[in-house]
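Just so it is clear, none of the values below were taken in a lab; they were calculated from the coordinates. Bear in mind that the values here come from a model prediction, so they are computed numbers and not experimental data. Note that each Cβ is placed from the backbone with ideal geometry, even for glycine, and that neighbours are counted across all protein chains shown.
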Amino acid sequence: MRFAHLDYAASAPCARVAAEAVERLLPWYGSVHRGAGVRSSRSTLEYERARQAVGDFVGARAGDAVVFTRNTTDALNLLARVLPAGTTTVVFDGEHHANLLPWPSAVRLPAPPDPDEAAELLDRALAVFAGPAVFAVTGASNVTGEVWPVRGLADVARSHGARAVVDAAQLAPHRPVDMAALGADYLAFSGHKLYAPFGAGVLAGRSDWLDAAEPYLRGGGASVAVGDLPGDVFWATGPARHEAGTPNLLGAVSIAAVCEALASADRDALHAREQELLGRLRAGLAAVPAAVPVSLFDPRHPRVGIVSLALPGHDVAAVAERLGADHGIGVRAGQFCAHPFARRLTGLSASPVDDCAAGAATLLRISFGLGTTGDDIDRVVAALAAETSRR
């Protein structure tokens, strides 16, 4: 029986182009920016070429920096670390923890029931701040798959002089991302969700705050010169300032390979295929009485290939385990590192501490991507129907 991986929102399978790019480079692998030999020269060239390819993929503008990080969480923590003193950050509580927890002086707004109210809430929140401000928002929810109205919200932020940060971890694998079109000052995403699971992520955006701040990490590569006295250091500018240590060359190259492959693909056709699978899944689930899809916005709101379900009267974790053990289907049970949002969607009233102590699996998530087939969708619907009919 073919295993049906339907947990793309957690980590997508490795794309062949990513694996092949790494395999081609391995015989030439060497230190980046740290040697005169052929391996170091080749590795440096490939690393900077990867940076350019990723910048092109996200529509980085002149003056933007493209910094390689470990993942989206690392990228957003880096950005949070370089904010000017006194900066206020505004987020909705529908965010993944990666975009909810790193920000200092964060103002958390309730997740709105529709995009218009989101804009109104943001407008009112930003109106009271006089200093520097940042608005951080997901491109697509990792819980519901709903695509957030990023451009409209970014325009609201800009009208108050605030900068917009987009967590594109779930958006980039499914939709083209362009920083100018999104109105994003900064954008972050992870390789492991973009079919490049080699331990790298990306932060792209305006370089002024990045160049003005202390380095995220201190060490080789981030420093241009170091004197004899403590603190006598001349720090690099540009991406190197925040990429201390030996960089993840293979991670960068693998991300770039996928970015280039997606950029050359027929994205309209890929989108149409994903929406057909999404419609097939939602239609199938409508016939499973125990499966209750959760949404923040209207059910017709645009979304990517992610559907989360409440299963009233059933042990969600046990159902997920049986789908894997008995049906060869991989899904996810839990709150998906979005605890406030999951509680909001399900009406769970227990305290966060109680949730964690009980290992609460609130929702079951089905997520898919480029390798998913119609048969995979039909199998998970049939398996859910069978498992939830047990008493």
Which peptide among 244-251, 312-319 comes first, and what is the full order, when sorted by highest mean count of other Cβ atoms within 10 Å? 244-251, 312-319
Sorting 179, 1 on the 10 Å Cβ count, fewest up front, what's the list? 1, 179
Using Cα pairs closer than 8 Å and at least 6 residues apart in sequence, work out the relative contact order for the stretch 235-354, in percent. 16
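Quick one: 366, 377, fewest Cβ neighbours within 10 Å first, how do they rank?
Lowest count first: 377, 366.
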Simple spin-label estimate for residue 317/residue 375, 7 Å along Cα→Cβ, in nm, reads 3.3
Two-site FRET efficiency, residue 206 against residue 326, from Cβ-Cβ distance with R₀ of 56 Å, rounded to 0.05: 0.65
Quick one: putting +1 on the C-beta of Lys and Arg, -1 on the C-beta of Asp and Glu, what dipole do you get for the stretch 16-264 around its Cα centre, in Debye to the nearest 20? 680
At a Förster distance of 35 Å, what's the computed FRET efficiency of residue 300 paired with residue 181, Cβ-Cβ distance as r, to 0.05? 0.95
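Hey, what did the chain get for relative contact order, percent, Cα under 8 Å, at least 6 apart?
Relative contact order comes out at 22 percent.
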Which of [x] 0.99; [y] 1.07; [z] 1.01 is the computed Rg/Rh (Cα atoms, Kirkwood Rh)? It is [x]
Length gained, residue 16-residue 31, 0.36 nm per residue minus C-alpha separation, equals 2.9 nm
Taking Cα atoms, how many degrees apart are the long axis of helix 115-126 and the longest axis of the chain, rounded to 10 and kept between 0 and 90? 40
Long-range HN-HN contacts of residue 233 with modeled amide H, under 5 Å: 227
Skipping prolines and chain starts, which residues have an amide H placed within reach, meaning under 5 Å, of the one on residue 135, given they are 5 or more residues away or on another chain? 90, 163, 164, 165
Rank-order 35-46, 155-166 by packing density, defined as the average count of other C-beta atoms within 10 Å over each peptide's residues, highest first. 155-166, 35-46
Rounded to the nearest 5, the percent of antiparallel DSSP beta bridges in the chain equals 55
Given 0.36 nm per residue, what is the gain on full extension from residue 269 to residue 105 after removing their alpha carbon distance, in nm? 54.8 nm
